[in-house]
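The values are calculated or read from the model by the stated rules, or taken from the named source; none is laboratory data. If you're wondering where the values come from, they're calculated on a predicted model, not measured in any experiment. Every residue, glycine as well, gets a Cβ built from its backbone with ideal geometry; the counts of neighbours run over all protein chains shown.
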Amino acid sequence: MIPTLTVISIAATAQGTEVYKNVPLSLVNNHVVRLGVMTEPFYWHYHLNSDETFLVTEGAIYIELENQTVELAAGQLFTVPANVKHCTRPKGNRSVNLTFELADMQTVKC
């Protein structure tokens, strides 16, 4: 049996006025693709069992690590390894990004 196939509009899903939006878009094997919309910083945290990859689609984000800050513009990608403390925030008023991570990723707030 072939599963239902769906086209997802990232632009339509990103619409809204929420301060923070984190929407699962698709499951790929044992990973999930999420849409993240930020208008303010997200708390410091790390993931015990998964890397987390960010791909910016609109605006720009800062990914703060303990010893450096990475700036990503639209079209750029960066992977935070498992167990690395990080905090994300938009550069400007709003950012939209896709994240790729294990579906059962464990997050620890710092």
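Below is a table of values for the structure above.
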quantity	calculated
Qualifying position, being in contact with a strand residue (DSSP E or B) (Cβ under 8 Å, 6 or more places away or on another chain), surrounded by fewer than 16 Cβ atoms within 10 Å (Cβ to Cβ) and not in a helix (DSSP H, G or I), among Pro41, Pro90	Pro41
Number of the exception - Gly16 against (1) touching a residue at least 40 places away in the same chain (Cβ under 8 Å); (2) exposed (fewer than 14 other Cβ atoms within 10 Å of the Cβ)	(1)
Among residues of the range 57-78, those that are assigned to a strand (DSSP E or B), farther than 22 Å from Ala11 by Cβ and charged (D, E, K, R), counted	2
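So that you can scan it fast, the table gives a plain yes or no per residue for (1) under 19 Å from Gly92 (Cα atoms); (2) more than 13 Å from the chain's Cα centre (by Cα); (3) at pLDDT 95 or above:
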residue: Leu5; (1), (2), (3): no, yes, no
residue: Ile8; (1), (2), (3): no, yes, no
residue: Ala14; (1), (2), (3): yes, no, no
residue: Asn22; (1), (2), (3): yes, no, no
residue: Val28; (1), (2), (3): no, yes, no
residue: Leu48; (1), (2), (3): no, yes, yes
residue: Phe54; (1), (2), (3): yes, no, yes
residue: Ala60; (1), (2), (3): yes, no, yes
residue: Ile63; (1), (2), (3): yes, no, yes
